[in-house]
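The values are calculated or read from the model by the stated rules, or taken from the named source; none is laboratory data. Being a predicted model, the structure only gives us computed values, none of them experimental. Here Cβ is always computed from backbone atoms with ideal geometry, including for glycine, and neighbour counts include all displayed protein chains. Each accessible area value is taken on the protein alone, full model and side chains, heavy atoms only, with ligands, DNA and RNA left out. Shrake-Rupley method; radii C 1.70, N 1.55, O 1.52, S 1.80 Å.
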Amino acid sequence: MNTDFTKEWIASVIVLLLVLIGRIVVSKLVRRYAKSSQIIEKRANLVIKYLHILLSILMVIALVIIWGVDKKAIFLTVSSITTVVGVAMFATWSILSNITAGVILFFFFPFRIGDTIKIHDKDFPIEAEIDDINAFHVLLITPEGEKITYPNNLLLQKGISICKRQHD
């Protein structure tokens, strides 16, 4: 049995360095995008955190492959974790849906804080100013001063008009 793990150690160090460099690059790119798009720093930090989690998961997968962990043991562990996480996710799917929608809103939606929008909902149409955009919801303030928290995932499902854009 070969007990010399030099190649595995070197490969592991390279993966760790690549992840650290990747985290720095991702952070800088997201911050640069946020600055050019006039997106607030709090939203940029949320997206950076999500991308760092993704990089960490990819790092663990790479290390498992490098160290040649038994595939049957990996399958058993992953299937057990997936089952537990699946049950937990089913209970909290709307939270994950809102987080995902928050990331999509960060990168692809044309409105920002200070804009007045109209949400085209058949049952509850809303016209309000965007006061804040969080990971789970958008805080809206109506002309009457009423504060409304509106889930991010619903913003992706409803038609939205920008009535009045905040002055740049």
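Descriptive notes on the structure:
- In region 5-26, the residues that are more than 18 Å from His52 (Cα to Cα) and open to solvent by 80 Å² or more (accessible area, probe 1.4 Å) form Cβ pairs under 9 Å with partners that are of a type in the set (Phe, Trp, Tyr) and not in a helix (DSSP H, G or I), at six or more places apart or across chains, as follows: Phe5/Trp67.
- Any chance Arg43 is at pLDDT below 85 and surrounded by 15 or more Cβ atoms within 10 Å (Cβ to Cβ): yes
- Of all residues in region 58-81, those being within 11 Å of Ser12 (Cα to Cα) and of a type outside the set (Val, Ile, Thr) number 4.
- Scanning region 117-152 for residues that are free of Cβ contacts under 8 Å to residues at least 40 places away in the same chain, among the β-branched types (Val, Ile, Thr) and closer than 30 Å to Lys49 by Cα gives Ile130, Val138, Ile141, Ile148, Thr149.
- Close Cβ contacts (under 8 Å, 6 or more residues apart or on different chains) running from residues in region 153-168 that are on the phi < 0 side of the Ramachandran plot to residues that are of a type outside the set (A, V, I, L, M, F, W, C) and at pLDDT below 85 comprise Asn153/Ser94; Asn153/Ser97; Asn153/Asn98; Asn153/Thr100; Ile162/Pro110; Gln166/Arg112; Asp168/Gln38.
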